[in-house]
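S.K.: Got a structure for you, questions after.
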């Protein structure tokens, strides 16, 4: 096995670094300048059965070292995705994980069944944690029994890789256990943290919804702690995500127990971040004469 | 090899043009080529710092070899910190991104609101040899007016308007436009383009402004409603055909 290679379920990630859903579009938007060798897989923007228009503007506001967004899952819908994006995935020869979103169980299942036919799709990231929609999203996470049914039914319909994206605003320990029991290959932790900003002149929200999801370096210590807690609770791999802005941050997530990492908001700040994290991680392992496998979960509790 | 989006450079000067208007000159480490209407994402905080976190989009005011000029107005914390940049400071940027202004058929008529003059300046510079340019230049007050002599092109005619009447005609720039034959180029706040469309209903290319997070078409943060649904100001624009826009309340 190469130094920066990890297998999670049926998915081979080389390097174990991916974009976070919603921060990389469908992946083809950046083809003019992006080197796809810098990531182990593409993770798409949340995809729903029918196209979604998303929320009104403004959808974003900056906070100290952070970003609050309420995009509202604007996306092109399943059929256009198949027609317009899958041919691109055939060309770039990288695993593709489709982040899937539904307002109902049935919508999740229809997307899974349809995309299961395509060899260009390596797996699914089940989105039960989006804070920016009225139906579906984080609402699912409030009822563990619904999460169980959802995962059980999706698992029945595909043998491909499945990870579940977890909200920090949910009972993530209970949900992680359910994921493991129902046979998901991994857990992606964390989604954005619910947050708000007020315009003091108008006394209204700075974005078009009362609250949105906070991402960026501001949330990194919280994400790290949750990744640590989940990885100690379950034995399936955890994909760590939340505020990574340097290779050192990524190393912290591996030490905390992540088997792979995702980078989101910081890709906006530095379009070379994946390459920098990949190189930094590689050099760190070489200098320390250790392997990625030995690094994962090597935290020494006090 | 693909050309990387990430670029870097050093501040060569940061000149105060008016009370809140500055011209930032950056000497880039490598030569950048851009078309008029395109923008760059500029990181205001020093390399490695995460506050302010996001890069900010700025139109190219001028570009000559490795010398990039950005005209900006202090409107918030980011641009305030930008005004403190000093000669020699390292600066990270990326781009150019977005589409560009189509070329005019004959005469070009510029309608500029506020900082919109920044993107029209580069267009003016590029087309002035072949095209006559008329400029309508609207700002809030005389303190926001960049002197015409400061621009990189010479308009054949120009009209300055201020909201408070402290310079030129008093009122909105759209109050004084006399429609004639030519290609209209609009750059400025959305409400100016909207008013232009409501009043005149003539074809125009409008460069739009919207808050951006990524600048590269992946985050869906900067939508503008068009006849084909939301489009991304950063990647589908920033230049749009005015008639395609569906203004939201």
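Please treat every number below as a calculation from the coordinates, not as lab data. The shown structure was predicted, so the numbers you read here are calculated from the model rather than taken from an experiment. FYI the Cβ positions are ideal-geometry reconstructions off the backbone, even for glycines, and counts take in every protein chain you see.
S.K.: By count of other Cβ within 10 Å, fewest leading, how are A:36, B:136, B:185, A:26 ordered?
M.R.: The fewest-first ordering by Cβ neighbours comes to A:36, A:26, B:136, B:185.
S.K.: Where does each of B:82-93, B:199-210 land if you order them by average Cβ count within 10 Å, highest first?
M.R.: The peptides rank, most packed first, as B:199-210, B:82-93.
S.K.: Can you put A:96, A:251, B:173 in order of Cβ neighbours within 10 angstrom, beginning with the fewest?
M.R.: A:251, A:96, B:173
S.K.: Here is a further query. Helix-only estimate, please: 222 nm mean residue ellipticity of chain A, summing -39500 (n - 2.57) across DSSP H runs of length 4 or more and dividing by its residues, to the nearest 500.
M.R.: Mean residue ellipticity, 222 nm, calculated: -10000 deg cm²/dmol.
S.K.: How high is the relative contact order of the range B:6-97, given as a whole-number percent (alpha carbon pairs under 8 Å, six or more residues apart)?
M.R.: Computed value for the range B:6-97: 42 percent relative contact order.
S.K.: Per 5 Å bin, what percent of the C-alpha pairs of the range B:6-97 does each bin hold, from zero upward?
M.R.: For the range B:6-97, the pair-distance distribution reads 3, 14, 28, 29, 19, 6, 0.
S.K.: May I pose another question? Can you tell me the 0 to 90 degree angle between the C-alpha axis of helix B:117-127 and the longest principal axis of chain B, rounded to 10?
M.R.: It is inclined by approximately 80 degrees.
S.K.: Here's something else I'd like to know. Over the range B:108-244, what is the percentage of antiparallel beta bridges among all DSSP beta bridges, to the nearest 5?
M.R.: Close to 25 percent.
S.K.: For Cα pairs less than 8 Å apart in space and 6+ apart in sequence, what is the mean separation divided by the residue count of chain A, i.e. the relative contact order in percent?
M.R.: Taking the mean separation of contacting Cα pairs over the length of chain A, I get 18 percent.
S.K.: Could I ask something else about it? If the viscosity is 1.002 mPa s and the temperature 20 °C, what Stokes-Einstein diffusion coefficient in µm²/s follows for the range B:108-244 when Rh is the Kirkwood radius over Cα pairs?
M.R.: The diffusion coefficient I find is 139 µm²/s.
S.K.: Further, regarding this structure: How crowded by other chains is A:71-79, given as the mean number of beta carbons from other chains within 10 Å of each beta carbon?
M.R.: 2
S.K.: Let me ask something else. How much of the DSSP beta bridge set in the range A:1-106 is antiparallel, as a percent to the nearest 5?
M.R.: Taking every DSSP beta bridge within the range A:1-106, about 75 percent pair in antiparallel fashion.
S.K.: Could you give the angle, 0 to 90 degrees to the nearest 10, between helix B:190-200's Cα long axis and the longest principal axis of the Cα atoms of chain B?
M.R.: Value to nearest ten degrees: 20.
S.K.: To continue, here is another question. Within a 10 angstrom radius of each residue's Cβ in B:227-236, how many Cβ atoms of other chains show up on average? Whole number is fine.
M.R.: Mean number of neighbouring Cβ atoms from other chains: 2.
S.K.: A follow-up question, please. Once you wrap a convex hull around the alpha carbon atoms of chain B, what is its projected area averaged over all directions, in nm²?
M.R.: Mean projected area for chain B: 13.7 nm², to one decimal.
S.K.: Nearest 5 is fine: what % of DSSP beta bridges in the protein assembly as shown come out antiparallel, could you say?
M.R.: Here the share of antiparallel DSSP bridges comes out near 55 percent.
S.K.: Moving on. Please give the calculated 222 nm ellipticity per residue for chain B, where each DSSP H segment of at least 4 residues contributes -39500 (n - 2.57) and the sum is spread over every residue; nearest 500 deg cm²/dmol?
M.R.: About -3500 deg cm²/dmol.
S.K.: Taking Cα pairs under 8 Å and at least six residues apart, what relative contact order does chain B come out at, in percent?
M.R.: Once normalised by length, the contact order is 18 percent.
S.K.: Which residues among the range B:32-64 fall inside the zone where the amide N is under 18 Å from a point 7 Å beyond the Cα of residue B:77, along Cα→Cβ?
M.R.: B:42-57
S.K.: Related question: Going 7 Å from the Cα of residue A:139 toward and past its Cβ, which residues in the range A:212-226 have a backbone nitrogen under 18 Å from where you end up?
M.R.: So the set is A:212-213.
S.K.: A follow-up question, please. Taking Rh as the Kirkwood radius computed over C-alpha pairs, what is the Stokes-Einstein D of chain A at 20 °C in a medium of viscosity 1.002 mPa s, expressed in µm² per second?
M.R.: Here the translational diffusion coefficient equals 112 µm²/s.
S.K.: What is the mean number of Cβ atoms from other protein chains located within 10 Å of the Cβ atom of each residue in peptide B:205-218, rounded to a whole number?
M.R.: Rounded to a whole number, the mean comes out at 5.
S.K.: Compute from the Cα atoms of the protein assembly as shown the Rg and the Dmax, the latter being the longest Cα-Cα distance, and quote both in angstrom.
M.R.: Calculated on Cα positions, Rg and Dmax stand at 24.7, 77 Å.
S.K.: Which residues does a label at residue A:56 reach in the range B:219-249, if reach means a backbone N under 20 Å from a point 7 Å past the Cα toward the Cβ?
M.R.: Correct set: B:220-233, B:245-249.
S.K.: Sticking with this one: To make sure I understand, if each residue's beta carbon is the centre and we count other beta carbons within 10 Å, what order do A:61, A:184 fall in, fewest to most?
M.R.: A:61, A:184
S.K.: Would you look at the GNM of chain A, springs on alpha carbons closer than 10 Å, and say which of A:235, A:211, A:176 moves the most?
M.R.: For chain A, modelled as a Gaussian network with Cα springs under 10 Å, the answer is A:235.
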